[in-house]
Structures are given as structure tokens and as C-alpha cells.
Amino acid sequence: MGMSGGRIAVFGPSPMLSVTIEARGEGRDDVHCHPGGQGVWLSKMAAELGAWPVLCSLIGGETGDVLESLLERLGGELRLVRSDSSSGCYVTDRRSGEREVLAQAYVEPPSRHEADELVAATTAAALESHVLAICNPYPGSAMPIEAYGALVANARAAGVRVIADLSSPRIEAAAAEQPDLVKLNDWELAAYVTGPVDTPDRLLGAAERLRDLGAANVLVTRAGD
């Protein structure tokens with residue numbers, strides 16, 4: 001894969017193993033395994049658009065062993081930090097035509113050493129890249145809040161552009177270090193107003209609060225709207 005769209009470091013701390021069961025017909029089923037998680041999906045999209053993604057993640061346990069081999073097929077580059085905690089996993093049954101989650105295992109918060117090692121690995125990748133994109137952990141407790149401000153500050157000090165695709169409270173920590181762009185959806189933006197962001201004025205007012213916190217630009221997505 002080429003680098004026509006540039007090199008993008010992706011902080012995706014919590015990749016997950018997705019196992020999906022689907023009906024093939026005649027009483028037979030298919031089982032599919034895929035890598036999932038916000039950082040993985042962002043990396044895949046960046047690659048589809050012609051960029052060279054460098055995915056920086058924690059990985060561990062039996063699920064991590066399976067996940068690592070799947071991540072290697074995505075294209076781009078991996079900077080993986082081994083964790084004592086098993087990577088997250090969810091099993092989905094779609095044989096009925098509806099999506100039913102049968103089981104879900106969450107990753108445990110990393111040790112201080114593991115978190116610091118991932119921040120260092122991501123910073124190194126960012127310094128070799130045109131852009132750093134920062135994603136949420138899953139669950140939200142799976143990465144210390146201070147890591148987000150540190151990542152933005154490190155990249156910005158080196159002149160690397162930063163996109164923060166985060167939710168609260170991580171977005172506030174990132175915004176304080178003046179990223180080039182923060183991105184969130186309208187229901188996440190509602191945390192900055194009393195009530196829903198159901199009019200353009202309320203939406204813009206809430207977005208301005210993130211500008212006041214330090215974000216240079218704010219992008220709000222509204223799903224079907």
C-alpha cells in the first residue's frame with residue numbers, strides 16, 4: 001500500500017476481537033473473526049482513503065494472540081504494546097437476521113508501565129507521521145485520562161497535526177492542549193449544554209465551549225441528520 005494520503009499515527013488503545021455467527025443455510029453456520037474497535041475502524045478507513053496508518057494499541061491474552069494476526073492483515077503498520085490483561089472480545093449471533101450479542105469481555109485498565117509505554121510508542125509514531133489521530137478506549141476506564149493531554153502536547157510540540165476523536169472526559173483533556181481538530185457526535189456534544197442540542201444555535205453554542213477549552217476546530221456529526 002502506498003502513502004499517497006500521507007502517514008497517520010492512530011492511538012487506538014483498545015482493539016477488540018469480533019466473532020460473528022451467521023446462518024449459511026441448510027442447517028449450517030459460518031463463524032467470522034474480525035478486528036474491531038474505534039482505532040481499528042479509523043485505521044481501516046484511513047487506508048481505504050490512501051493513507052498509511054500506524055496503529056498503536058495494547059494487546060494481550062489469548063484474544064490478543066488471535067487479534068494480532070488479524071490486525072496484521074489490515075495494511076499499514078502496527079505498534080503493539082503487550083499487556084497482562086486480555087484484549088476485549090464480543091460474540092454476535094446474526095442467524096435470525098437480527099444482531100444479538102451473546103457475550104462480551106472487557107479489557108482491564110493497563111498498569112502504569114503499560115500505559116506509559118503505549119503513550120511513548122504512540123508519540124514516536126506521531127513524530128514520524130503527518131497526523132496523529134486519537135481514539136477512545138473501551139471501556140472508558142481502560143486508559144488514564146492524563147494520557148490524552150500528554151499525547152496532544154507531545155505531538156503539537158513537534159509540529160504534528162492532531163485530530164481528537166473522543167468523548168468526555170477525554171475530549172476536555174485533549175482540548176486543553178490545543179489539538180487542530182476535535183470530533184464528536186451530537187449526543188456527546190449535549191454534555192456541554194442543558195438539554196439536547198436540537199437547534200443550530202444550541203449546537204454551535206456547545207461547539208464553541210470546546211473552542212473555548214482550546215480546540216482549534218470542532219467537527220460535529222449528526223448521523224442521519
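The values are calculated or read from the model by the stated rules, or taken from the named source; none is laboratory data. Just so you know, these numbers come straight off a predicted model, no measurement behind them. Here Cβ is always computed from backbone atoms with ideal geometry, including for glycine, and neighbour counts include all displayed protein chains. When the accessible area is computed, the model is the full protein with side chains, heavy atoms only, and any ligands, DNA or RNA have been set aside. Shrake-Rupley method; radii C 1.70, N 1.55, O 1.52, S 1.80 Å.
Summed over the range 31-88, residues that are more than 18 Å from MET143 (Cβ to Cβ) and part of a loop (DSSP other than H, G, I, E, B) total 8.
The residues of the range 111-124 that are in contact (Cβ under 8 Å) with a residue 40 or more places away in the chain and either open to solvent by 100 Å² or more (accessible area, probe 1.4 Å) or touching a helix residue (DSSP H, G or I) at 6+ places or on another chain (Cβ under 9 Å) (or both), listed by number, are LEU118, THR122. In the range 47-58, the qualifying residues are those that are at pLDDT 95 or above and in contact with a Pro (Cβ under 7 Å, 6 or more places away or on another chain), and the one that is farthest from GLU114 (Cα to Cα) is SER57. The single condition among (1) open to solvent by 60 Å² or more (accessible area, probe 1.4 Å); (2) closer than 23 Å to LEU166 by Cβ that GLY37 does not satisfy is (1).
Note on the range 2-45: residues that are touching a Pro at 6+ places or on another chain (Cβ under 7 Å) and β-branched (Val, Ile, Thr) total 3. Scanning the range 91-110 for any residue that is open to solvent by less than 70 Å² (accessible area, probe 1.4 Å), acidic (Asp, Glu), more than 28 Å from GLY149 (Cα to Cα) and more than 17 Å from the chain's Cα centre (by Cα) turns up at least one such residue. In the range 158-225, counting only helices (runs of 4 or more DSSP H) that sit wholly within it, the ones holding 3 or more residues that are loosely packed, with under 15 Cβ neighbours inside 10 Å span 200-213.
Checking each residue in the range 125-143 for being within 18 Å of SER83 (Cβ to Cβ), touching a Lys or Arg at 6+ places or on another chain (Cβ under 8 Å) and surrounded by fewer than 18 Cβ atoms within 10 Å (Cβ to Cβ) picks out only GLY140.
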